[in-house]
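J.: Here it is, the structure in full.
No lab work stands behind these numbers, since they all come straight from the coordinates. The structure presented is a predicted model; accordingly, all values stated were derived computationally and were not measured. Quick reminder, even Gly has a Cβ in these numbers, built from the backbone with ideal geometry, and neighbours come from all protein chains shown.
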Amino acid sequence: MDTQGIQVLHPLFQRPTLRCLRLTNTRMLAESMTTLVVALIPNASRLKALMLDHNLIGPDSVVTIARLLPSCTALESLSYAGAHAREEGTRAVCQRLTLMAITNS
């Protein structure tokens, strides 16, 4: 899925009832991630699950996703298996999740 695909789905991301977003194996591209994160920001606090498995987004995009996490105060499940996060992306996610755990305790 390219940036144009994310833009087509933008009204869906704006729905206040959005709780679970499964974009698994959608062939999402790295350049789409910033557009996705910007689209999710208004309702990020309601999002309970975000699944981005098996997309070729790479470590920089996973870092972009990590920046969204502090806004996802209801998040219970995050999955990005097969997203080629590498150490850099996974470290960014772990740091944000740790910060969230400290802040919420």
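J.: Within the chain, which whole H helices from DSSP have a Cα span along their axis of at least 20 Å and a mean Kyte-Doolittle hydropathy of -1.0 or more, if any?
T.: 86-104
J.: Could you check the spin-label model distance between residue 104 and residue 2? Points 7 Å from the Cα along Cα→Cβ, value in nm.
T.: Result: 3.7 nm between the two label points.
J.: Show the residues, 5+ positions off or on another chain, whose built amide H is closer than 5 Å to the amide H of residue 21.
T.: The answer is 49, 50, 51.
J.: Please check the chain for the longest run free of trypsin sites (Lys or Arg not before Pro) that are loop-located per DSSP (anything but H, G, I, E, B) and have at most 16 other Cβ atoms within 10 Å.
T.: 49-105
J.: A further question on this structure: For the chain, what size does the Cα cloud have along each of its three principal axes, sorted from largest down, in whole Å?
T.: Computed over the chain, the largest-to-smallest principal extents equal 38, 32, 17 Å.
J.: So, one more: Quick one: what are the phi-derived ³J(HN,Hα) couplings along the range 46-52, Karplus 6.51/-1.76/1.60 with θ = phi - 60°, whole Hz, x for glycine and proline?
T.: 9, 5, 9, 9, 10, 10, 10
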